1. Confirm whether ALA62 is in a helix (DSSP H, G or I) and open to solvent by 30 Å² or more (accessible area, probe 1.4 Å).
2. Condition check: among the polar types (S, T, N, Q), open to solvent by less than 20 Å² (accessible area, probe 1.4 Å), in contact (Cβ under 8 Å) with a residue 40 or more places away in the chain and assigned to a helix (DSSP H, G or I). Does THR271 satisfy that?
3. Among the residues of region 219-237, write down those that are charged (D, E, K, R) and either touching a His at 6+ places or on another chain (Cβ under 9 Å) or farther than 14 Å from ALA183 by Cβ (or both).
4. Regarding region 199-217, can at least one residue be identified that is more than 26 Å from GLY28 (Cα to Cα) and modelled with pLDDT under 95?
5. Name the single residue, out of those in region 102-129 being assigned to a helix (DSSP H, G or I) and of a type in the set (Phe, Trp, Tyr), that is surrounded by the fewest Cβ atoms within 10 Å (Cβ to Cβ).
6. So, of the residues in region 22-39 that are touching a residue at least 24 places away in the same chain (Cβ under 8 Å) and surrounded by fewer than 17 Cβ atoms within 10 Å (Cβ to Cβ), which turns out to be farthest from GLN2 (Cα to Cα)?
7. Looking at PHE31 and the list (1) in a loop (DSSP other than H, G, I, E, B); (2) within 21 Å of ARG166 (Cβ to Cβ), which single condition is not satisfied?
8. Are any of the residues in region 224-235 open to solvent by 30 Å² or more (accessible area, probe 1.4 Å) and either aromatic (Phe, Trp, Tyr) or within 16 Å of the chain's Cα centre (by Cα) (or both)?
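The values are calculated or read from the model by the stated rules, or taken from the named source; none is laboratory data. Values in this document were obtained by computation on a predicted structure and should not be read as measured data. Please note: Cβ atoms are built from the backbone with ideal geometry, for glycine as well, and neighbour counts cover all protein chains shown. To get the accessible areas, we keep the full protein, side chains included, count just its heavy atoms, and leave off ligands, DNA and RNA. Shrake-Rupley method; radii C 1.70, N 1.55, O 1.52, S 1.80 Å.
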Amino acid sequence: MQIGVNVPNFGPGTSPDVLRDWARTVEGLGFDLLMVSDHVAVTPDVAEQYPAPFYEPFTALAWLAGVTSRIRIGTTVLVLPYRHPLLVARMAANVNELSSGRFVLGVGVGWARQEYEALGVRFAERGRLTDEGLRAVRAAWRDEADYRAGRIPIWVGGHSDAALRRAVRLGDAWHSLRLTPGAYREALGRLEAIAEEEGKPLPALAPRILLHITEDEAGPERRLGEGTVAQVVGDLAELRASGAEAVVLDPFVGDPQETVHPEVAWQALATVRKEFR
């Protein structure tokens, strides 16, 4: 099972130097994936949680590919309807080639209604646009020489029935986002049922979980990756036992000021990396 890190590419403490330090730290600790989030227009609904500066993912990952050598890079998740699918196909293929085949395209429908409005895209049609966009991206890769760098895996985020069906029909992996243990198991059960209904194989499992280490044990409503070191390591062990191909740790708990002190997250990551092999 590969273990990755969702690196904050936003917030008051983020800069090119800090992003470079994040990349080198995560790679140096031996993690397998470095992933970043996606917003294009930092509208008020976005800024409340993910304030500027917000580094566009393809741009940031192309640069981070040049300051790393081994670690895979990717998006968790790219909001596909924000860009024309042919542009997504070309940028993804280019970043994949520039990184010597290390790119993973994680996609989702997004949630920021104001951002959709700012970009002139209908929020109510985001599911349909994502499905159509994924088909267009795959078709472009089949037809374009840009895809010569190798096959890019597509991780589909979300846990609604529509998202799970999208993962089965159009994705290589299901990329759940920060669920509780119970919610993860329930969604996995629905995913298995949908795969059987569709007559398709179960996609690979690549959940993104929180990384929030606490001194005291977290209660039953905790999210995966939240609690004592033993609880976090236990979550990773259970995910591995359930067949997860990859797990992405998300050390951003929710306060943008966390980005000013990345060393706190680095220490948590180092602890988990030491305890879970």
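1. Yes; evaluated as a whole, the condition is true for this residue.
2. no
3. Across region 219-237, the qualifying residues are ARG222, ARG223, GLU226.
4. no
5. The residue in question is PHE123.
6. ARG24
7. (2)
8. So far as region 224-235 goes, no, none of its residues is open to solvent by 30 Å² or more (accessible area, probe 1.4 Å) and either aromatic (Phe, Trp, Tyr) or within 16 Å of the chain's Cα centre (by Cα) (or both).
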